[in-house]
Amino acid sequence: MKAYKVFAINEGTVIDHIPSTKALKVIDILGLENEGILTIGIGFSSEKMDKKDIIKIENKYLKKEETDKISLIAPNATINIIKNGELKEKRKIELPEEYINIVKCRNPNCITSVKDIKTKFKIVSRSPLILRCLYCERVIKAGEVEIL
Amino acid sequence: MDFTGKSIVSIRELDKDSFLKILVTSKEIKDGKYADCLRGKLLATLFFEPSTRTRLSFESAMRYMGGGVIGFAGTEYTSVKKGETLVDTIKTVSGYCDVIVIRHPVEGAARLASENAGVPVINAGDGANQHPTQTFLDLFTMNEIFSDLSTIRVGFLGDLKYGRAVHSLAYALSLYNTPLWFISPELLKMPEYLVEEIRENGSRIHEVENLEGLDEQLDILYVTRIQKERFGDMQEYEKVAGCFRITKSVVESLGENIKIMHPLPRVDEIDQEVDTLENAIYFKQAHNGIPVRQAVLGLVLGVLQ
Ligand SMILES: [Zn+2]
C-alpha cells in the first residue's frame, strides 16, 4: 500500500523521505511534541531509499526556516504542504545559515559542554559540510556531527 | 570600521581594515597622542583564572588613558565561588563599568559574556581558543619593523598544536597572504583544519620538522613553549625540547636579520644569552601590549574613531 494512502490528510504538512527511525528525532528538533495531532510512520519501503519514515502534522504549515533545521538528519526529506486536501507546495530541504541547539559541540572544554546553554553552529562550508561552533570556534565535519 | 560599542572576542570577526585601524591608532598612542582621553571611564577586569601579565597590561593601558579599573583575579573570594553563573556575573558587572575585559579557562566564555553584557567585552583569553589583543600586539610589532605584512616570511616554532597565540596570529597573517613556515615536531603539528583555513585565505604554507635549511629563509621566527604535559614519555620530551631551544648559535645560523618573537612567558626555550642580541624583540613585543590595548579600549568605548 502506498504510504500516502495511509496518510491522507486534508490540512497540514507531510514530511516524507526521512531516513528510517529518525522520525522521532525530527519531531524533537522541530519541537512538535505538543503541537496537536501527529501521525508517524516508521520503516516504509521506498523506491528512493532503503526504508523511510513519514510524519504528518495536522493543521500546521511548517515554514522553510523551520524544516531546514532537520537538514543534518534528513537531508533528502521532502516537505509537502497540504491545503484543502490538495498538495499546495512541495519542497526540498536546504542547509540553513546556522543551527541553534541542534548539534552537540565535540569540545569538552567548550562553554556549551560545561554549562547548560544553547549550542550555535555556523556553516563554514556546504560541500563538504563543515560547521563551526560559535563559542569555542572548533570545526566539525559532516561525518562527526552529533545531534543533541 | 567603527568599533564603538563592539566586543572584541575573536580574530575571525575582523578583517584587514579593522587590523589597520588598530595598528594606526596604536602607533598614534605610542607617539604620545590621546593621553587621558578615557578620563571618567571605568574598566572591569574579570579574571576567572590568573594571568598577571595580561591583567596588569590592560589595567596599565586603562590608567595611562586616564580611566579607572575595578575587577577580580581568581574566583576564590568572589560570588562566582558561591555558584553565581557567568551570565549573572556579567549582567551585574555590566552596570558597574563601561567596558569589560574577561579571561576564563573555558572556551567560548568570552562569546557568552559578550552576548549578555550591556557594554563591550574584550576577550583576554578563553581557554585554548582566542586572545585577540595578543594578535594585535604581534601584528603591531611586526608592522613596526617590516612595513609590509604581506611580504615578510614568518616561521612559527614549537607547540603549534595547542598554541593559541600561534593559531590567531597565523590566521591574521593569512589575510595578508603572508608566506608561513610551521616548524614543529610531528606530535605538535598545526591542526589540519587551521592549515586548510590559512591556506584557503591565501598564505603559502611550508610544514617542516626542524630549522634545518632555513638559514636566510625567514624574517621572523615566532617561538612558543613546548609543554612537558603534552608528552607521555619524558625522554622523548627532553629530546624534542632540546631540538627546539633557541641559542645564540641557532640565531646566528638563521641569518643576521632574523627577528625572534615570543608571546612570553618563556621557560627555557630561548636561551637568556639571546636577550642581548639585536635579533631579540620579545620584550619590545610585550611592551607594545600597552599602546595596542589602549587603542582597543579607546576604540570600543567610541572615544577614539
Ligand atoms: Zn564549542
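The values are calculated or read from the model by the stated rules, or taken from the named source; none is laboratory data. Just so it is clear, the model here is predicted, and its values are computed rather than measured. Cβ atoms come from the backbone with ideal geometry, glycine included; neighbour counts cover every protein chain shown. For the accessible areas, the whole protein counts, side chains as well, though only heavy atoms, and no ligand, DNA or RNA atoms are used. Shrake-Rupley method; radii C 1.70, N 1.55, O 1.52, S 1.80 Å.
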- Message: List the residue pairs whose Cβ atoms are under 8 Å apart, where the first residue sits in the range A:118-141 and is in a loop (DSSP other than H, G, I, E, B), the second is within 12 Å of the ligand (Cβ to nearest atom) and open to solvent by 40 Å² or more (accessible area, probe 1.4 Å), and the two are 6 or more positions apart or on different chains.
- Response: A:119/A:104; A:134/A:120; A:134/A:122; A:135/A:120; A:136/A:109; A:138/A:106
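Those residues that are open to solvent by 60 Å² or more (accessible area, probe 1.4 Å) and hydrophobic (A, V, I, L, M, F, W, C), I need them from the range A:36-55; list them, please.
Within the range A:36-55, the first condition is being open to solvent by 60 Å² or more (accessible area, probe 1.4 Å), and the residues that meet it are A:37, A:40, A:42, A:45, A:47-48, A:50-51.
Passing the criteria: A:37, A:40, A:42.
For residue A:107, state whether it is open to solvent by less than 30 Å² (accessible area, probe 1.4 Å) and within 30 Å of residue A:137 (Cβ to Cβ).
Details: open to solvent by less than 30 Å² (accessible area, probe 1.4 Å): yes; within 30 Å of residue A:137 (Cβ to Cβ): yes.
So residue A:107 passes the test.
Could you tell me whether any residue of the range A:103-117 is in a strand (DSSP E or B) and either away from every other protein chain (no Cβ under 14 Å) or of a type outside the set (Ser, Thr, Tyr) (or both)?
The initial filter retains those residues of the range A:103-117 that are in a strand (DSSP E or B), namely A:103, A:110.
Now narrow it down to the ones that are either away from every other protein chain (no Cβ under 14 Å) or of a type outside the set (Ser, Thr, Tyr) (or both): A:103, A:110.
For the range A:103-117, residues in a strand (DSSP E or B) and either away from every other protein chain (no Cβ under 14 Å) or of a type outside the set (Ser, Thr, Tyr) (or both): present.
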- Message: With the requirement that a residue be within 13 Å of the ligand (Cβ to nearest atom) and over 21 Å from the mean Cα position of the chain (by Cα), what does the range A:100-116 give you?
- Response: A:107, A:108, A:109, A:110, A:111, A:112, A:113, A:114, A:115
- Only one of B:114, B:147 is without any contact (Cβ under 8 Å) to a residue 12 or more places away in the chain, over 15 Å from the mean Cα position of the chain (by Cα) and open to solvent by 20 Å² or more (accessible area, probe 1.4 Å), namely B:147
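Does residue A:42 qualify as being out of contact with any helix residue (DSSP H, G or I) (no Cβ under 6 Å at 6 or more places or on another chain) and in a strand (DSSP E or B)?
Details: out of contact with any helix residue (DSSP H, G or I) (no Cβ under 6 Å at 6 or more places or on another chain): no; in a strand (DSSP E or B): yes.
Spelling it out, it is not the case that residue A:42 is out of contact with any helix residue (DSSP H, G or I) (no Cβ under 6 Å at 6 or more places or on another chain) and in a strand (DSSP E or B).
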- The condition of being open to solvent by 20 Å² or more (accessible area, probe 1.4 Å), more than 30 Å from residue A:130 (Cβ to Cβ), more than 13 Å from the chain's Cα centre (by Cα) and modelled with pLDDT of 90 or more holds, among A:33, A:58, only for A:58
- Can you work out which of the residues in the range A:89-99 that are surrounded by fewer than 21 Cβ atoms within 10 Å (Cβ to Cβ) and either within 13 Å of the ligand (Cβ to nearest atom) or of a type in the set (D, E, K, R) (or both) is farthest from residue A:140 (Cα to Cα)? A:89
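Does residue B:258 meet the test of being more than 20 Å from residue B:188 (Cβ to Cβ), modelled with pLDDT of 95 or more and under 23 Å from the mean Cα position of the chain (by Cα)? Show your work before the answer.
Details: more than 20 Å from residue B:188 (Cβ to Cβ): yes; modelled with pLDDT of 95 or more: yes; under 23 Å from the mean Cα position of the chain (by Cα): yes.
Yes; evaluated as a whole, the condition is true for this residue.
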- Search result, residues across the range B:28-47 that are buried (at least 18 other Cβ atoms within 10 Å of the Cβ) and either aliphatic (A, V, I, L, M) or touching a Pro at 6+ places or on another chain (Cβ under 6 Å) (or both): B:29, B:38, B:43, B:44, B:46
- Message: Any residue at all in the range B:243-254 that's touching a Phe, Trp or Tyr at 6+ places or on another chain (Cβ under 9 Å) and open to solvent by 40 Å² or more (accessible area, probe 1.4 Å)?
- Response: no
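Residue by residue, here is whether (1) buried (at least 19 other Cβ atoms within 10 Å of the Cβ); (2) assigned by TED's automatic domain parsing to the domain that holds residue B:263; (3) assigned to a strand (DSSP E or B) holds:
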position: B:22; (1), (2), (3): yes, no, no
position: B:26; (1), (2), (3): yes, no, no
position: B:49; (1), (2), (3): no, no, no
position: B:55; (1), (2), (3): yes, no, no
position: B:61; (1), (2), (3): yes, no, no
position: B:69; (1), (2), (3): no, no, yes
position: B:72; (1), (2), (3): no, no, yes
position: B:84; (1), (2), (3): no, no, no
position: B:90; (1), (2), (3): yes, no, no
- Message: If a residue must be open to solvent by less than 20 Å² (accessible area, probe 1.4 Å) and farther than 19 Å from residue B:220 by Cβ, how many such residues does the range B:156-193 contain?
- Response: 2
